[in-house]
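K.L.:
This structure is in structure tokens; I'll ask about it shortly.
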Amino acid sequence: MKRKSDNSVLGEYQYDALGLGRRTKKVVSSATTRYVYADQQSVEELDGSGNLRRLYAFGERIDQVVLMEAADAADVDNDSNTSETMRFHFQTQLIGNVTTVTATAQTVVESYEYDPYGKITIKDTGGSTVSSSPIGNSYTYTGRQLDEESGLYYYRARQYSPELRRFIQRDPLEYVDGPNPYAYAKCIPVLRRDPSGQDSLADAVESVFGLLIDLLTRRRNATKQAQRKLLGPLNEVAEDAEAFEARLQEEEAAEPDTDPEEVKRSWQKLSEMVTLGRSIGWVCGEMDKELERTKWREDLASALEEIEDWILKLVRGK
């Protein structure tokens, strides 16, 4: 990669031959970094001689970086030893942005702030703004690597410019994400991300609202199904109680000298049937209330669209 203004070389990059966009080597100012992968994640960084420089651990989600083992180049423990290996822990937002890096003692080593499109502000352990990461961390916006030599983020198939707010190469899949093949995350970076550089993923608020709507929908459907199952027995109990009451009245009229205890037991049975019917009716009534409470799910879906429109206007400065 060269700077257009003076044609100077900023960095040289090599990638594997599998078409997965995995960067295997980077050379910046004669310093070489080689990358070792586990599937799509770079888990080790080696120097030009093959010595381990950094080791990473990731969570279940792609680009969910959680830990780095590296030399304590910034001497964060103030012991004047910058060659010892130290573990650094990453804290992230729902969209995947790394917000803070802490040492094992839970002290904040570095923190990061971003505008919606990923323009980064790096702060050291004292809270002062610095131009580069003192501990050598490159995983920041949406969990992707920032190339400090160019100011671009490496998104596997392409590189992304937070200054331009778009990719600098066309989408290899062309218009899968919309009419603009250079657009990042459908121009909704606070809701979506694009770890492959080819197809943005729904995240954060959009995913949470989607899951909530799905949960409410399934809950309401289950309530309706249970209510239908109870309505049948309720109707049967009501019909049986009416028939039983009519039969008792007929028997009392035809045989006025019937044993009082037998009459008492019969009316007790009728009372139990009526109580059962009332219980089932109460359950159905509670289900009706539950259905009323969940009717706002349709409004929630509409509200989500309004929220997305509002965020999009906010991001675009309109």
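K.L.:
Classify the range 37-81 as rounded, prolate or oblate, taking a ≥ b ≥ c as the square roots of the eigenvalues of its Cα gyration tensor: rounded when a/c is under 1.5, otherwise prolate if a/b is larger than b/c and oblate if not.
P.N.:
oblate
K.L.:
What does a probe at Asp79 reach in the range 109-134, counting residues whose amide N is under 18 Å from the point 7 Å along Cα→Cβ?
P.N.:
Correct set: 109.
K.L.:
For the range 182-190, in order, what is each residue's ³J(HN,Hα) by Karplus, 6.51 cos²θ - 1.76 cosθ + 1.60 with θ = phi - 60°, in whole Hz (x at glycine and Pro)?
P.N.:
3J(HN,Hα) across the range 182-190, in whole Hz: 9, 5, 9, 6, 6, 6, 10, x, 7.
K.L.:
Rounded, prolate or oblate: which fits the range 1-154, taking a ≥ b ≥ c as square roots of the Cα gyration tensor eigenvalues, rounded meaning a/c under 1.5, else prolate when a/b beats b/c?
P.N.:
Rounded shape, in that the Cα axes give a/c under 1.5.
K.L.:
Please identify the trypsin sites (Lys or Arg not before Pro) of the range 147-181 that satisfy two criteria: DSSP loop assignment and at most 16 other Cβ atoms within 10 Å. Which are they?
P.N.:
The qualifying sites are Arg170.
Any read-out appearing in this document is the output of simple, stated calculations on the displayed coordinates, not a laboratory observation. Model, not experiment: these values are computed from the prediction. Every residue, glycine among them, receives a Cβ derived from its backbone with ideal geometry; neighbour counts consider all protein chains shown.
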